[in-house]
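Some notes on the structure that comes next.
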Amino acid sequence: MSLRRSAIPGSRGLRAMSIAVLLAGWVVPGEAAMPAKGGVPVPVPSIPRRRVAVLPGRDYRIDPSALFIEGEPSSSSDGGAALANAAAAILAREPEVVPVRPADLHQADESADSPELVVRGLLHLGQERYRDIRIPEAIAALEQGIGSARRVFLDVLSPDLVSDLYLYQGLCYLEQGQVALAHVAFKNLLLATPGRRFRKGWFPQATEAAMRTAAEDFIRTTPPESLLGGLERVEAFLKFARATAAVATYLTGAPGETGSVEVRVAEISRQPGGRLVLAARAESRWSGPEAAAETVSRTVSGWLACAVLPSREITEKPYARFFLDTTAAYSVFLRVPTRRIFSNAGFGLGLAWQVREGLDLFGRVNVLNAFEDQFGDLVKQFWTIRAQAGVGYSLRGNWGRVFFHTGIAFDYLSGFESTTDPNCKFWPNDPARCPASNVRRPRYLVGAAVALGVNVTLYGPIYFVFQAGVAAYFVSNEADTPVNFPVSLETGLGYAFF
Amino acid sequence: MTKGRDLTGCRAVMAMLALVAAAAAGCTDSRLLTGVYRSSPPAPAPATPGTIEGVAGLEGDVYVELVLGQYGTDVVGIIRFFSNRDFTDRIGGTCNCRFLTEGRFDGQFLVFAFTNPSPCAAALTDLIHARLAESGGGDTLEGPVGKDIDGAVPPPSFRFERITTAGDLGATNKVCDETAGVTPADSGPGDEAPDVGEGAE
């Protein structure tokens, strides 16, 4: 007894402790999930965000006379980079946009088998062959490197590498005396790195002259739109960057403090086909870095105000509003004046108007021909013209829709005559053998109908339809509605008007 | 779960097929016997008077025509009596025709009755029965016709052959004026001539 008494409090304590542990286990994660005050920022729940590529800002205000400088050339201050930074800053303020900078893509591809390593190897190979005066081999390696670099957009991600490729390509062509090809190579060099400068006296006079000429020609002839070599390449870059829009900023015009600020925003069209379209464009005269940044900011903000962002995206597919179908129909009346049910077969024509989500109005007409029953109680075949109208309730998806229709039904029976008296069948017009009361002749029936059906999309607006329905008639030209409760099955094809 | 769903689907399909089959049953031989039949060879004369149980006028050679309408198991129609094998001469003193009653066809045997045509009285309740076996896809009917077809001595058998099918059956084939033919008919059966004789009951 004493043992039992002593055991009970222990048991209670253990149970209480278990409950406390359970409660603690429930509460602690909740506290851990609470935001830490002044600590590490709590990760924001992920929301759908649109990736927008920010192409490198370029300052194309090249001064050919300043292409070669005394002393060691340093990375000159690039006004274009500031413009790209301004664009990225504006984009970063929008929670539903992820600005994608070349550095982001570059970092994401630093694996050992990176194409950049291959290109760099080809550059080194080309440089060695150039120094060994094995010019054709050098050109082959450099051209291979340039091709590879362009395929993986190293002119955007690693412009210095591509610039070197073009530089040595141009030098090789000059060695070969192919001045025109060298000219193109030097222009490509400037396209990739317009801010690049060279040590004066490092190259022979002729080479410097050729490069200077290329710079002069670049200013005159190279349109800024050819930043990536055309729209198709921009499209490819967006695919590569998994972005749907790109912002390009650059400075053009005369060197120095003059020139223009230009901003372009291109995005993939949401129309079928999804081609690249110019969504925003702005140009202003250069009047200082702040004003240039303001131009970029204004242009990008204006585009963002109207851009399709995930929260503004119309996710609901524009469903069809009208459904027209033609069907083969089969029907039997469950209540008949004949001793056995008889078949009715024909066709149907239906139209449903989806008034709003889940609700539609419908109208339907069936023309059915009756077939002889087992005992020949139908004196003759007859036609049924059945009209139905009402409202429907539907569920729709990409696959089609399911609907439940309710409405009024009207049947016109053309020439219905039935009797179970064989004398009336053999002598239908002989009142002596066949009293009129022995023949039923319902002509019209009015009642209510319900139907359950499904539309399954086959191809585009064409769909397969199946529906089953039943009706009950309350009004007839005969008092007891001798024909009633038709069950119908219909199947066919339909067309949805989008 | 899937199996159960499949079974449900199977049952639904089977039910639908059964419904269609039941409805299609109306397309079977529900009109097999509809048409005009004539006895051939001529109905044999009764071996002894009373083989047709004393139907006056029908005891000798009698030629019988049946106009049948079959509706499932129900059979209605007319039976006519002639004295010559051309089916032109009515038999004097008897009704020219009688309506069949209680006609039934079970798919093998056609059973019917008709009011004794002799004497030709409307109120007569004396019935003559027939049980004819169908053969040849409804082209031939053969069996006894008499007052007591189930008796120990069955009445003579009649053999009928179809001469008109359902499609050719005209309205005049169906006319029957249950009056006595007092004189030989002046016209034959069929659409071209009236089926009824003249005279009073």
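The values are calculated or read from the model by the stated rules, or taken from the named source; none is laboratory data. In this text, all values refer to a predicted model and were calculated from it rather than measured experimentally. Using ideal geometry, Cβ is built from the backbone for each residue, glycine included, and neighbour counts are taken over all protein chains shown. The accessibility values were calculated without ligands, DNA or RNA, using every heavy atom of the protein model including side chains. Shrake-Rupley method; radii C 1.70, N 1.55, O 1.52, S 1.80 Å.
Could you check the range A:438-469 and list, in sequence order, the residues that are farther than 21 Å from A:Thr326 by Cβ and either open to solvent by less than 20 Å² (accessible area, probe 1.4 Å) or free of Cβ contacts under 8 Å to residues at least 24 places away in the same chain (or both)?
A:Asn438, A:Val439, A:Pro442, A:Leu445, A:Gly447
Take the residues of the range A:432-453 that are of a type outside the set (D, E, K, R) and within 14 Å of chain B (Cβ to nearest Cβ): which is farthest from the chain's Cα centre (by Cα)?
A:Ala432
I'd like to know if the range A:472-487 contains one or more residues that are within 41 Å of the chain's Cα centre (by Cα) and either of a type in the set (Phe, Trp, Tyr) or open to solvent by 20 Å² or more (accessible area, probe 1.4 Å) (or both). Working first, answer last.
At the first step, the residues of the range A:472-487 found to be within 41 Å of the chain's Cα centre (by Cα) are none.
Looking for residues that are within 41 Å of the chain's Cα centre (by Cα) and either of a type in the set (Phe, Trp, Tyr) or open to solvent by 20 Å² or more (accessible area, probe 1.4 Å) (or both), one finds none in the range A:472-487, hence no.
For (1) in a loop (DSSP other than H, G, I, E, B); (2) acidic (Asp, Glu); (3) within 21 Å of A:Ala329 (Cβ to Cβ), each residue gets a yes or a no:
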| site | (1), (2), (3) |
| --- | --- |
| A:Arg386 | no, no, yes |
| A:Gly392 | no, no, yes |
| A:Val402 | no, no, yes |
| A:Ile408 | no, no, yes |
| A:Asn429 | yes, no, no |
| A:Ala432 | yes, no, no |
| A:Pro442 | yes, no, yes |
| A:Val456 | no, no, yes |
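Out of (1) charged (D, E, K, R); (2) free of Cβ contacts under 8 Å to residues at least 12 places away in the same chain; (3) touching a strand residue (DSSP E or B) at 6+ places or on another chain (Cβ under 9 Å), what's the single condition that is false for A:Glu235?
Unmet for A:Glu235, out of (1) charged (D, E, K, R); (2) free of Cβ contacts under 8 Å to residues at least 12 places away in the same chain; (3) touching a strand residue (DSSP E or B) at 6+ places or on another chain (Cβ under 9 Å): (2).
Conditions (1) farther than 20 Å from A:Gly447 by Cα; (2) surrounded by fewer than 17 Cβ atoms within 10 Å (Cβ to Cβ); (3) within 14 Å of chain B (Cβ to nearest Cβ), marked per residue:
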residue: A:Thr338; (1), (2), (3): yes, no, yes
residue: A:Gly348; (1), (2), (3): no, no, no
residue: A:Glu357; (1), (2), (3): yes, yes, no
residue: A:Leu378; (1), (2), (3): yes, no, yes
residue: A:Gln388; (1), (2), (3): no, no, no
residue: A:Trp399; (1), (2), (3): yes, yes, no
residue: A:Phe404; (1), (2), (3): no, yes, no
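Looking only at the range B:77-98, decide whether some residue is touching a Gly at 6+ places or on another chain (Cβ under 8 Å) and under 24 Å from A:Gln374 (Cβ atoms).
Looking through the range B:77-98, at least one residue is touching a Gly at 6+ places or on another chain (Cβ under 8 Å) and under 24 Å from A:Gln374 (Cβ atoms).
Hey, A:Val184 hits all of (1) modelled with pLDDT of 90 or more; (2) closer than 30 Å to A:Pro99 by Cβ but one; which does it fall short on?
All conditions are met except number (2).
What pairs come out if I take residues in the range A:122-135 that are at positive phi and pair them with residues that are not polar (S, T, N, Q) whose C-beta lies under 8 Å away, six or more apart or interchain?
A:Ile133/A:Glu175
Okay, residues lined up against (1) in contact with a helix residue (DSSP H, G or I) (Cβ under 8 Å, 6 or more places away or on another chain); (2) modelled with pLDDT of 75 or more; (3) away from every other protein chain (no Cβ under 14 Å):
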position: B:Pro42; (1), (2), (3): no, no, yes
position: B:Pro46; (1), (2), (3): no, no, yes
position: B:Glu65; (1), (2), (3): no, yes, yes
position: B:Thr73; (1), (2), (3): no, yes, no
position: B:Thr101; (1), (2), (3): no, yes, no
position: B:Thr115; (1), (2), (3): no, yes, yes
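Evaluate the following for A:Ala370: is it surrounded by 15 or more Cβ atoms within 10 Å (Cβ to Cβ) and away from chain B (no Cβ under 14 Å)? Talk me through it step by step, then tell me what you get.
Numbers: surrounded by 15 or more Cβ atoms within 10 Å (Cβ to Cβ): yes; away from chain B (no Cβ under 14 Å): no.
It is false that A:Ala370 is surrounded by 15 or more Cβ atoms within 10 Å (Cβ to Cβ) and away from chain B (no Cβ under 14 Å).
Quick check on my filter: what residues within the range A:275-291 are open to solvent by 100 Å² or more (accessible area, probe 1.4 Å) and not in a strand (DSSP E or B)?
A:Arg275, A:Glu290 - these are the residues of the range A:275-291 that are open to solvent by 100 Å² or more (accessible area, probe 1.4 Å) and not in a strand (DSSP E or B).
Which condition number does A:Gly201 fail, the rest of (1) in a helix (DSSP H, G or I); (2) open to solvent by 50 Å² or more (accessible area, probe 1.4 Å) being met?
For A:Gly201, the exception is condition (1).
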